[in-house]
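Undergrad: Pasting a structure here, questions to come.
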Amino acid sequence: MKTIVLASLMLCSHVMLAQAKFDRQGHRGCRGLMPENTVGAMKKALDLGVQTLELDVVISKDRQVVVSHDTYMSSAIALKPDGKPVTAAEEKQINLYELTYAELKKYDVGSKPHAEFAQQQHYVAYKPLLSELIDSVETYAKIKGLPMPVYNIEIKSSPKTDGVYHPEPQAFVDLIMAVLQKRNLGNRLTIQSFDVRPLQLLHKQFPAIALSFLTANTKSPADNLATLGFTPKTYSPYFKTVTAETVQACHQQNMRIIPWTVNTKPEIDTLVQLGVDGIITDYPNLF
């Protein structure tokens, strides 16, 4: 009897430890429930027990680090300062890199219903500065007595759009690090990108920062890492490309594997069974 009880306790401890290590990440805060990349979405994600807040950053004309997935004002979410919707035909002409932060802050990115997210709440919101978002979230977590979150920050850049929608990689890295170094997040910070260039710069210049390589192709981790040129802490592939072999290959390299963006409970369960180390989702309530 004692042996059975001891075995049960050991199993429970193992499961609890695995759950504690599993990284629950809220994509753009909790895009399925609240307007993406807004301060409100980040606070809601914390309320739902998210450990890591996933978000994106771009650069404005006056060199401010702005929390935004798109480098332009997306017609899916944005209303102009006069209240009229941004159209698909004009969205890419409203280039955030050509707007000062004061100008782009006048656009409402929270009131327009999102065609893909029926559960999403709506409220007037603007694209926050990275500094404002972190400071607001840190204060909220302290007031509510919640665990302090990890930030998984994606640099939105591409070699094709250097100097058009964003600065070249070194300038981008310098701007984002100027914000982050003032906040002393320590091990509560990961920086990710599809673009290998800022990751390579960060790896050389800030080796203590955890990095994550985003991928959307069907290449093996080994092939993608050959392009990157080093082994990051985390490998973050599109979830439909993940197999048992992918997970095994990552763990053999001592990398975490955290797929994106997984939005149904069965898909989350399947990936957990494959042994992934975390999930990025628009619906952290599914956790």
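The values are calculated or read from the model by the stated rules, or taken from the named source; none is laboratory data. Remember, predicted model here, so these are calculated numbers, not experimental data. Counting neighbours? That spans all protein chains shown, and the Cβs are built from the backbone with ideal geometry, glycine included.
Undergrad: Tally the residues that are surrounded by fewer than 12 Cβ atoms within 10 Å (Cβ to Cβ), aliphatic (A, V, I, L, M) and within 18 Å of Ile280 (Cα to Cα), restricting the search to the range 217-243.
TA: 0
Undergrad: Another question, then. Can you name every residue in the range 48-93 that is surrounded by fewer than 18 Cβ atoms within 10 Å (Cβ to Cβ) and within 15 Å of Thr281 (Cα to Cα)?
TA: Leu48, Gly49
Undergrad: Something else: Take the residues in the range 144-194 that are in contact with a Phe, Trp or Tyr (Cβ under 9 Å, 6 or more places away or on another chain), among the aliphatic types (A, V, I, L, M) and part of a loop (DSSP other than H, G, I, E, B); name whichever of them is surrounded by the most Cβ atoms within 10 Å (Cβ to Cβ).
TA: Among those that are in contact with a Phe, Trp or Tyr (Cβ under 9 Å, 6 or more places away or on another chain), among the aliphatic types (A, V, I, L, M) and part of a loop (DSSP other than H, G, I, E, B), it is Leu185.
Undergrad: May I ask you to verify whether Asp82 is modelled with pLDDT of 95 or more, within 22 Å of Leu175 (Cβ to Cβ) and either outside any helix (DSSP H, G or I) or in contact with a Cys (Cβ under 9 Å, 6 or more places away or on another chain) (or both)?
TA: Working: modelled with pLDDT of 95 or more: yes; within 22 Å of Leu175 (Cβ to Cβ): no; either outside any helix (DSSP H, G or I) or in contact with a Cys (Cβ under 9 Å, 6 or more places away or on another chain) (or both): yes.
So Asp82 does not fit the description; no.
Undergrad: Identify, by number, the condition in (1) more than 24 Å from Tyr151 (Cβ to Cβ); (2) in contact with a Lys or Arg (Cβ under 7 Å, 6 or more places away or on another chain) that Leu211 doesn't meet.
TA: Of everything listed in (1) more than 24 Å from Tyr151 (Cβ to Cβ); (2) in contact with a Lys or Arg (Cβ under 7 Å, 6 or more places away or on another chain), Leu211 misses just condition (1).
Undergrad: Additional query: Restricting the search to the range 228-242, which residues are within 14 Å of the chain's Cα centre (by Cα) and touching a residue at least 24 places away in the same chain (Cβ under 8 Å)? So that I can check it myself, show each step before the final result.
TA: Restricting attention to the range 228-242, the residues satisfying the condition of being within 14 Å of the chain's Cα centre (by Cα) are 234-238.
Correct list: Thr234, Ser236.
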